[in-house]
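Following: one structure in structure tokens, then a few remarks.
Read-outs: derived from the displayed coordinates by stated rules, not from any lab. Since the model is a prediction, treat every value here as computed from it, not as a measurement. For neighbour counting, all protein chains shown are included, and Cβ atoms are generated from backbone atoms with ideal geometry for every residue, glycine included.
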Amino acid sequence: MNAHQWLELVLFLGALVLVTKPLGLYLGRVFDASARTWLDPVMRPLEKFTYRILRVDPAKEQGWKQYTFALLVFSLVSLLFTYAILRLQQYLPLNPQHFGALSEHLAFNTAVSFTTNTNWQSYAGESTMSYLSQMVALTIHNFFSAAVGLAVAAALVRGIARHTAATIGNFWVDVTRITYYLLLPVCLVFALVLVSQGMIQNFKPYTAATVIEPQTISVQITDANGKGLVDAKGNPVMTNQVVSTQSIVQGPMASQVAIKMLGTNGGGYTNANAAHPFENPTPLSNFLQMLALLCIGSALTYHLGRETKNQKHGWSVWTAMFAMCLAGVLVCWWAEAKGNPIHQQLGVAVAGGNMEGKEVRFGVFDSALFATVTTDASCGAVNSMHDSFTPLGGLVPLFNIQTGEVIFGGVGAGLYGMLIFVVLTVFIAGLMVGRTPEYLGKKIESYDVKMVLLAFVILAFVILGFTAWASVSNWGTSSLANQGPHGLSEMLYAYTSGAGNNGSAFAGLNANTPWWDTTLGVDMLVGRFGMIVPLLALAGSLARKKSVPASAGTFPVSGFTFVALLFGTVILVGALTFLPALALGPIVEHFLMLKGNLF
Amino acid sequence: MKNLFAEFGRSIVATLFFAVVLCGLYPLIVFGAGQLLFPHPANGSLLIDKSGVVRGSELLAQNFTGAQYFHPRPSAAGANGFDPTSSGGSNLGPTSSNLVANITANIAAYRSDNNLATSAPVPADAVTESASGLDPHISVANAEIQIARVAKARGLSADRVRELVKKNTRGRDLGVFGEPRVNVMTLNFALDQM
């Protein structure tokens, strides 16, 4: 934990603070169909043309039911679009490596995964996906799922800010404007910056390189059927083979990675994701990718404050998020810098920290920071392998997702997830003093609290239910890469990541089996839409309510008491729900590691 | 019912139209601008020798085992390591006995390759597998230990080799970000070009 690393942490958090207000103000313009932006000369004609071919009247708003209906139909249609491309991959163009079609269960899992902004990957991109699949089938959802998440947040904020209103916005206008005025322009610039750092963007087939020093390796001889030969004693028959070429991956990577980070999608172009030297070439590209994945979530709190005419409330929500983010970074960084005592006893230098599954250019600090922020948000890109983290280092990303990813959170999803906790906090505070809870002039009634709890209970139910099922089933445990408590952590992480729409993994788990692909697919769908629908219902309900003026008995939603209560609610609800499972996984593993137990 | 059909129709048109803009125009603009402004990285930062043969990429490690080369970090990419079509780490956890076996073997090999005492601590990056399996970098401490071996195998002075290591070392980006690192690919390529 040296001075450079502290300085980088300060710079990162400082940059996040600085970007929050200007981006928050800009978001307000993007979400307001009548507002002007400096991109109007270019984007306005395209926006108008889009409304014309979609037959949308941008002046006409929708009630929450119409809004939700449009959102669900659009998600279903675009999901099927991706499924079709993945299943027909071998017949489609831009496939220089001649990859075959994906299996039914893998195509289902992948289509669901990208539609729900999860980007869980049961496949390795560089050996599975054609350029067309990467560029169209997957990238389209990197844009759509981000735009849909932001649209829901915008609608919810309108619901809070309005009173006695029947509508919460127009879904198509929201998605169109978010795409044209926010995601696309930022990505155009960001992608080029990434190329300048070393990221590829081309359509060449993979390059065959003649390696600098050919290597002789020992491989098992195979018979005509491709089966490995064994001798009379059952030992494999080996032969020497010289490896003299290396196949260098190519493709349209930068355009996909830019939106992957900005849209908190996180689905890697390659299997190693943001750890791959092409996909995250330098510490600078790493810094920008981390900032990209967190900036919109941070700016949305400013937007909330501005729309509800209570900027202090926006900053108070931001402060609670910031405190949790900082706590996570420090714990994860400390655990990884301390390293693994078992390995250090073997002779690994203590100074390096835990470097298994990490890249030298990032080291322990950038890896810990990335792991924390990618799970604060629902991004799920990884620049190091979380499976190989120390138990407490791995606990941080896992617990971050289990809070519901409300620590800045995914684009849109972070804010609407946090507002669940805000309503819950206001409700609890109201109960404590025995008054009807109010939130920004709206009475919080039984219907609203039911919707909030529904969204929360659904998440816990699918995560713990599926993990319990997998851990007592052969289909569940046969996919594990690690034994002992770490095996339970792998399963718990998978369903947590799916339901939380995060997409990062304890990646040793082999999830590309019919059972895992299918259960994770259901897990992701429930986690996404089981949350969005109750929240849009809440938005509709809040928009309809009358606004009551604040009185002396109103619990203030800004200031230290509110921040502390909100912080406590998030941590307590997360801990009460998941602590038993965490105790059996990473926590017990931590003590076993200190004792030197191996599995 | 009419509403249902209208909404499906709208979603289909939206998916197709946005696909043209976001999955056609956008990547093509990035492609064009990238090829124009940054052709070397956009095409994989390829290392090409004097006779025009592609020998690898500056950013993707290859395996080196000979005494005359600097050795990269151990790799879990593919069955034999260093396979860019199969990137990834070992994904072995902190209490994995397989991981302990791997690290034990790596430490023994590193000490014997570099003539270290059997109790000498070894740099963490030298004996652990990277996240991508393609990490082209090693730590400065790791490179420093290997200098004597490479110099001896090539019949060069240690200072000469150290100078070359320095040329292929990058400090923290902008003086702050990330960690100092030595690029094994460009370093070994440069050694062969001497």
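Tabulated results
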item	result
Principal axis dimensions, largest first and in whole angstrom, of chain A by Cα	86, 58, 47
Mean Cβ count within 10 Å, highest first, over the residues of peptides A:363-376, A:251-264, A:116-129	A:251-264, A:363-376, A:116-129
Length released on extending from B:L4 to B:S112, taking residue separation times 0.36 nm less the Cα-Cα span	31.7 nm
Tilt relative to chain A, helix A:139-161 - C-alpha long axis, 0 to 90 degrees, to 10	20
For B:166-175, mean number of other protein chain Cβ atoms within 10 Å	3
For chain B, built as a Gaussian network whose Cα springs stay under 10 Å, the top-fluctuating residue of B:F18, B:F70, B:F82	B:F18
Neighbour cut-off at most 16 other Cβ (10 Å), DSSP loop, trypsin sites (Lys or Arg not before Pro), the stretch A:512-562	A:K546
Sequence-distant aspartates and glutamates (8 or more away, or on other chains) whose Cα lies within less than 19 Å of A:K233	A:D223
Point-to-point label distance, A:T210-A:T561, nm (Cα→Cβ direction, 7 Å offset)	7.8
Label point distance in nm, A:A575-B:F17, each placed 7 Å from Cα along Cα→Cβ	5.1
Span-like helix ranges in chain B, DSSP H, alpha carbon extent 15 angstrom or more, Kyte mean at least 0.0	B:2-20, B:26-37, B:97-113, B:140-154
Helix A:363-376 axis, angle to chain A major axis (alpha carbon atoms, nearest 10°)	40
Residue-count net charge about A:H313 - beta-carbon cut-off 15 Å; Lys, Arg +1, Asp, Glu -1	+3
For the stretch A:509-599: rounded, prolate or oblate by the Cα gyration tensor [a/c cutoff 1.5]	oblate
Cut-off 20 Å, label 7 Å out along Cα→Cβ of A:A59, residues of the stretch A:129-172 by amide N	A:166-172
Shielding by partners, peptide A:140-152 (average Cβ within 10 angstrom, other chains)	2
Angle in degrees between helix A:514-544 and the longest Cα principal axis of chain A, rounded to the nearest 10	10
For peptides B:51-59, A:187-195, sequence by mean Cβ density within 10 Å, most packed first	A:187-195, B:51-59
Sum of side-chain charges, A:N271 neighbourhood, beta-carbon under 11 Å (Lys, Arg +1; Asp, Glu -1)	-3
Under Karplus coefficients 6.51, -1.76 and 1.60, residue-wise ³J(HN,Hα) of the stretch A:287-294 in Hz, glycine/proline x	4, 5, 5, 5, 5, 4, 6, 9
Cleavage-rule hits, chymotrypsin sites (Phe, Trp or Tyr not before Pro), the stretch A:28-75, DSSP coil, Cβ neighbours within 10 Å at most 14	A:W38
Alpha-carbon radius of gyration plus Dmax, which is the widest Cα pair, for the stretch B:46-193 in Å	15.5, 49
Computed helical MRE - 222 nm, chain A, DSSP H runs ≥ 4 contributing -39500 (n - 2.57), nearest 500	-19500 deg cm²/dmol
Linear extension gain, A:V522 paired with A:F99, 0.36 nm per residue minus alpha-carbon span	149.6 nm
Spatially proximal aspartates and glutamates relative to A:K358 (Cα-Cα < 15 Å; intrachain offsets below 8 disregarded)	A:E279, A:E336, A:D366, A:D387, B:D125, B:E129, B:D135, B:E179
Set of lysines with alpha-carbon distance to A:K545 below 19 Å, sequence-local pairs under 8 removed	A:K65, A:K309, A:K442, A:K443, A:K450
Rounded to the nearest 20 debye, dipole of the stretch B:63-194 from Cβ charges on Lys, Arg, Asp, Glu	380
Test item: A:473-483 mean partner chain Cβ contacts at 10 Å	2
Where labels lie 7 Å past Cα in the beta-carbon direction, separation of A:Q220 and A:W6 in nm	5.3
Selection of GluC sites (Glu not before Pro), the stretch A:437-541, meeting DSSP coil and at most 13 other Cβ within 10 Å	A:E445
29 Å Cα-Cα threshold exceeded, pairs from A:K204/A:K260; A:K48/A:K546; A:K48/A:K204; A:K312/A:K546	A:K48/A:K546; A:K48/A:K204
Nearest-0.05 FRET efficiency for A:L80 and B:L28, computed from C-beta distance (R0 25 Å)	0.50
All Cα pairs of the stretch A:207-248, percent lying beyond 15 Å	56
Estimated FRET transfer efficiency (A:V548, B:A148; beta-carbon r; R0 56 Å; 0.05)	0.10
Cα gyration tensor shape of the stretch A:211-310, rounded if a/c is under 1.5, else prolate or oblate by comparing a/b with b/c	prolate
Theoretical gain in end-to-end length, A:V189 to A:T164 [0.36 nm per residue, Cα-Cα removed]	4.8 nm
